[in-house]
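This report refers to the structure that appears directly beneath it.
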Amino acid sequence: MAEIIRFRDDEPVDHPAVTVDSFLDQSNANAVRVEPGDDARELIPHIGQLQLVEVNFPAFGDGRGYSSARILREAGYDGELRAVGDVLVDHVAYMRRCGFDAFEPDAALNPDDLQTALDRWPEIYQSAADARQPIWSKRHGAA
Amino acid sequence: MYQYDSYDQAMVDTRVEEFRDQTRRRLEGKLTEAQFTPMRLKNGLYLQLHAYMLRVAVPYGTLNSRQMHALADIADKYDRGYGHFTTRQNIQYNWIKLEEAPDLLADLAKVEMHAIQTSGNCIRNISSDHFAGAAADELVDPRPYAELLRQWSSFHPEFNALPRKFKIAVIASDTDRAAMRLHDIGIQIVKNDAGELGTAFYVGGGMGRTPMIAPCIRDFVPLDQLVSYSEACLRVYNRYGRRDNKYKARIKILVHELGAEEYTRQVEEEFAHLLDQGIEPPIAELERIRTCFADPAFGDGARSVDRSDPDFALWVDRNTVRHKHDAYVSAVISLKPVGGIPGDASAAQMHLMAELAKEYSFDELRVMHTQNIVLPHVKIADLHALWTRLDADGLGAPNLDTIEDIIACPGLDYCSLANARSIPVAQKISERFAANGKTEALGELKLKISGCINACGHHHAGHIGILGVDRKGIENYQLLLGGSEAEDCSLGKITGPGFSEDGIVDAVETAADVYLRERAKGERFLDTYRRIGIEPFKEALYG
């Protein structure tokens, strides 16, 4: 298992995440793992107590986790949102835009390639779960 | 037409650098082919039977002469002097080397073009009416709305690994020239009772192995909610579209399995939520884009032509279409010469079309999904001069919408998915009808050929469709009748057992003869078929 790459300063949660089903059953956990088939909206009533949400990408081609991430951020979740599994360097920038701020890839990412990928896009066309200003907003004078 | 500003240019330039880096890592072995495949696919690069194929996006089919010249130069520099115009209003090159692909993309970026999302499981290039901005019957020019959605969908972070590819078409006439209802999302610009412009959404259409006609899920989305509504449609699909079976992964299956009503309910719920998320560009952005599509300075002029040359008169009758300005027409350059490869153009022909666009059509060209090229705004007074030059270079075929104007996919001659060849069948059919002289009598007859059930040649939507299949290692061709991609959208029915390569050419002639025998005054092939049904055709074919 590769190390965890984090883009936040708080202390990481030091215990394992539970499944969505068991979280909804016992509900004193503060770390949960969302699988592609899970409905992230079920977590929304409990986001105040959550400190870590792992979103699993068993295969990079299954993009459901991108929606799960955005849905949680749109609901106001501000704890750690960690992409785990088949996370490739070429997808990290998209994941950042969907609100992920931590990564635990199955295969280690080359740090130089990662930095290149994160710095790649000076502009973006659409609004998402990050704070970046889309091109349409810059065009029309919003600060 | 749309012009990039510095932001748009930065986006395509960045994409070239990203792809150059990805290609380098692949060539150095840092990326496996499995990892690289979705990356190259998102840039339109397919590994085909003989070489890489690169698909270049032509957003909503619109090009200027500089871009067409650049496409011709690319054909010479990176391919074998040809390009192939496709049913997605794009152009494909069939002989590309991986190591040269980044340079090719850099050449495209210099003329405000790209290959972004022309394949892969993402939102593809957005298509539109090829007569947009010229058609006499349109409500407004649909292209600004397509451009707004092009920008929204480019590098969309949430939708970069959809269950399957996703195609959007935008039109603004009741006459559908873009097969709108056979798209994942078809959007029609409409006016409501208050006279406001908005959009009707049709979701879940498609061809492929399970053809479906999209139901209307909302008859009016205000223009300042277009992006939010599209995003809601996509999010429901991204979350719940099937991923267990790639043949059931298109949105049409989701809409079909949930039912249009339940899918719509989920979209509306997501839409209500997204309206509060601040994702919609201001209406000023749409207005900015619209100014790029302002009408050119049309002038007055002759409204009829000298018909003393019968060849010219025939071309005018067949290949020119009414324009919103009476002194102009839209002129179709047929890429279907008798015996030719549908949609192919040589570099020299592309250069010529570019020159003619500059001279006679306010510097604009369009790619049609029927694999022809349009000069959208030609003065009627200039038609003879235009036709003379087209005809001299083999581009004067007078066969728009006739049985010789065949759509065909690349088929087994190029494509790694195909079961059968399409191109030779198209060639033989056009030769047969050119020789027997029945083309004129048959009138409008749309014939479409696919070399496998993926239906890139739109066979389901042909008045006559042909589907190539593999039958015990031998190419076999099924005949379909009664499809239409237009506003009277319908799916063709298979007549019965398939035919050999020569047999299918005979079968098409047999079906055409049934029409000529049975037709009532003013009926097209499709009308006659709909009136008399499939039985008389079956009897003639198999009886």
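Would you mind finding the one in A:R64, A:R139 that is within 7 Å of another protein chain (Cβ to nearest Cβ) and under 29 Å from B:Y4 (Cα atoms)?
A:R139
Would you list the strands (runs of 3 or more DSSP E) that sit entirely within region B:384-493 and hold 1 or more residues that are under 19 Å from the mean Cα position of the chain (by Cα)?
B:447-450, B:464-471
Restricting attention to region B:186-237, which residues are open to solvent by 10 Å² or more (accessible area, probe 1.4 Å) and among the aromatic types (F, W, Y)?
B:Y202, B:F220
Evaluate region B:497-520: report whether one residue or more is modelled with pLDDT of 95 or more, part of a loop (DSSP other than H, G, I, E, B) and crowded, with 23+ Cβ neighbours inside 10 Å.
No, every residue in region B:497-520 fails to be modelled with pLDDT of 95 or more, part of a loop (DSSP other than H, G, I, E, B) and crowded, with 23+ Cβ neighbours inside 10 Å.
Please go through (1) within 13 Å of another protein chain (Cβ to nearest Cβ); (2) open to solvent by 10 Å² or more (accessible area, probe 1.4 Å); (3) in a helix (DSSP H, G or I) for B:R66 and return the number of the only condition it doesn't satisfy.
Of (1) within 13 Å of another protein chain (Cβ to nearest Cβ); (2) open to solvent by 10 Å² or more (accessible area, probe 1.4 Å); (3) in a helix (DSSP H, G or I), only one is false for B:R66: (1).
With the condition kept exactly as written, say whether any residue in region A:45-57 is surrounded by fewer than 21 Cβ atoms within 10 Å (Cβ to Cβ) and within 14 Å of chain B (Cβ to nearest Cβ).
no
Filter region B:310-333 for residues that are more than 28 Å from B:L139 (Cβ to Cβ) and either open to solvent by less than 50 Å² (accessible area, probe 1.4 Å) or at pLDDT below 95 (or both) and give the result.
Scanning region B:310-333 gives B:F312, B:A313, B:W315.
Let me confirm something: among B:E261, B:E269, which residue is over 17 Å from A:A75 (Cα atoms), open to solvent by 60 Å² or more (accessible area, probe 1.4 Å), in the same structural domain as B:P211 (by TED's automatic domain parsing) and assigned to a helix (DSSP H, G or I)?
The conditions single out B:E261.
Going through A:A108, A:A131 one at a time, which residue ends up being away from chain B (no Cβ under 12 Å), open to solvent by 50 Å² or more (accessible area, probe 1.4 Å) and aliphatic (A, V, I, L, M)?
Among A:A108, A:A131, only A:A108 is away from chain B (no Cβ under 12 Å), open to solvent by 50 Å² or more (accessible area, probe 1.4 Å) and aliphatic (A, V, I, L, M).
For region B:276-295, give me each residue that is part of a helix (DSSP H, G or I) and either more than 7 Å from chain A (Cβ to nearest Cβ) or touching a residue at least 12 places away in the same chain (Cβ under 8 Å) (or both).
Residues satisfying the conditions are B:I283, B:E285, B:L286, B:E287, B:I289, B:R290, B:T291, B:C292.
Is at least one residue of region B:101-121 in contact with a helix residue (DSSP H, G or I) (Cβ under 7 Å, 6 or more places away or on another chain), touching a residue at least 60 places away in the same chain (Cβ under 8 Å), among the hydroxyl-bearing types (S, T, Y) and closer than 28 Å to B:D21 by Cα?
Yes, that holds for at least one residue.
Name the single residue that is farthest from B:Y202 (Cα to Cα) among those in region B:151-171 being facing chain A (nearest Cβ under 9 Å) and not in a loop (DSSP other than H, G, I, E, B).
This residue is B:Q151.
Can you tell me which residue in region B:10-53 is modelled with the lowest pLDDT, limited to those that are of a type in the set (S, T, N, Q) and not in a loop (DSSP other than H, G, I, E, B)?
B:Q35
In region A:111-128, how many residues are within 30 Å of B:S230 (Cα to Cα) and either open to solvent by 70 Å² or more (accessible area, probe 1.4 Å) or among the β-branched types (V, I, T) (or both)?
3
Out of region B:310-358, which residues are among the acidic types (D, E) and touching a Phe, Trp or Tyr at 6+ places or on another chain (Cβ under 9 Å)?
Passing the criteria: B:D311, B:D344.
Look at B:A109 and say whether it is under 30 Å from B:E287 (Cα atoms), modelled with pLDDT of 95 or more and more than 14 Å from chain A (Cβ to nearest Cβ).
yes
The values are calculated or read from the model by the stated rules, or taken from the named source; none is laboratory data. In this text the structure is predicted, and so the values were computed from the model without any measurement. All Cβ positions, glycine included, derive from the backbone under ideal geometry; neighbour counts span all protein chains shown. When the accessible area is computed, the model is the full protein with side chains, heavy atoms only, and any ligands, DNA or RNA have been set aside. Shrake-Rupley method; radii C 1.70, N 1.55, O 1.52, S 1.80 Å.
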